[in-house]
Amino acid sequence: HEDGPPLKGAKLDEEGLGSVVASHYNNLEEKGLKERSTSRIFHLRNSNNWIKSYLINYCLDQVRERQVDHYPVSVFDLGCGKGGDLLKWSKGNIRHLVCADIAQTSMDQCRERYTNTRKRTGGGHGGGFTAEFIVADCTKKRIKPMLENPSRQVDLVSCQFAFHYCFESLAQAETMLRNVSENLKRGGYFMATIPNAYEIMSRLKSSGSHRFGNEVYTVEFPEDRPEDPPIFGDRYNFFLEGVVDCPEFLVHPPTLIKLAKKWDLELEWKRDFSTVYSDALKDTLCQRLLSVMNVLETYPSKEEQVTETEVEYTHARQFLE
Ligand code: SAM
């Protein structure tokens, strides 16, 4: 995967924090089901996982409704991690999956998980789609998958809890959006879950300090954060017990919407998690899925709630198999 030409108008950036982020995810321990189920963020993880399932199903339905060609659905999972959404793609009956992530170890685990499921099921449930795996900093490299369909583009790009890393600089945000746009069929969907910058700012303000959090999570900005912070590179450290301890970047929503438009991506749907959650609860099928996935009937309590920044990895399979 060669580098693309420099982006017009984008500042070419220096080293950046990509290697810190990659090394954090590369060194994450794989935790067993037992350990995960006794974790203090058990319900939070399940709720976030459930929300991803809900959004993925919603988007796959939209894609199928609007599809202009007749090829089976293909998906690009950008920042796929260890493959936490593999089962969701399988249940969504897709034909091809492109996985990309900056962390080599996570990608190895993702590939292994995919291969094992495929072996176990003989290519049926859990492995009914082909897949390719790309290790790359998607905020700096142009990603060109080896797709099987003639348009060489996907119907859906999904970026779960990973897009905010590109707001380190304008150049990185542009490269990330270009990777979305160039690989998406006309009329296709891009869906992403990102930390809620407004909520983070409001909690920071109430804290009267440069950090806030509770027993399980902390968001910490540099003490010398300028009063008028930059739109790109507004860094904080996010700590979530047993899961994350890593620099992240605030995503300024109006900037994201404007930049995405430049890359031919029009905003169609935007919700915070608690709204998605309460809307979905009106649907009986969703209620059933909530109980199967061991999710609370209300969005996690303040104690567990850590804004939309929480990270969730892999656990759909354990609840649905
Ligand atoms: N999407 C997965 C999920 O929902 O289970 C993983 C989410 S995890 C919180 C964030 C992922 O983003 C990590 O796997 C990390 O390696 C990946 N990531 C961070 N920066 C990246 C970059 N510049 N390019 C590609 N992946 C990146």
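What follows is calculated from the coordinates using simple rules that are stated; it is not laboratory data. Note that the structure is a prediction, hence the values are computed from the model and not measured. When we count neighbours, we look across all protein chains shown, and the Cβ atoms used for this are built from the backbone with ideal geometry, even at glycine.
When peptides 80-88, 183-191 are ranked by their average number of other Cβ atoms within 10 Å per residue, the highest-first order is 80-88, 183-191. Which of the GluC sites (Glu not before Pro) found in region 241-275 are in a DSSP loop and have at most 13 neighbouring Cβ atoms, other than their own, within 10 Å? Loop-located and lightly packed - 266, 268. When region 218-261 is described by a simple charge dipole with +1 on each Lys and Arg Cβ and -1 on each Asp and Glu Cβ, the residue from 237, 253, 226 located farthest towards its positive end is 253. Amide H contacts of residue 192 (H built 1.01 Å from N, in plane; Pro and chain starts excluded): 159 sit under 5 Å, all sequence-distant by 5 or more or on other chains. Classify region 142-271: rounded, prolate or oblate, from the alpha-carbon gyration tensor (a ≥ b ≥ c, eigenvalue square roots; a/c under 1.5 rounded; otherwise prolate if a/b is larger than b/c)? Verdict is prolate for region 142-271. Residues whose amide H falls under 5 Å from that of residue 131, counting only those 5 or more places apart or on a different chain, are 97, with hydrogens built in the peptide plane. The GluC sites (Glu not before Pro) found in region 126-224 that occupy coil by DSSP, while having at most 15 further C-beta atoms within 10 Å, are 148, 215, 223. Computed 3J(HN,Hα) for region 103-117, one whole-Hz value per residue from the Karplus formula 6.51 cos²θ - 1.76 cosθ + 1.60 where θ = phi - 60°, is 9, 4, 5, 4, 5, 4, 5, 5, 5, 5, 4, 4, 5, 4, 5, glycine and proline marked x. For the pair region 219-239 / region 100-114, the C-alpha centres are spaced 30 Å from each other. Around the amide H of residue 73, modelled in the peptide plane, lie the amide H atoms of 95, all under 5 Å away and 5 or more residues distant in sequence or on another chain.
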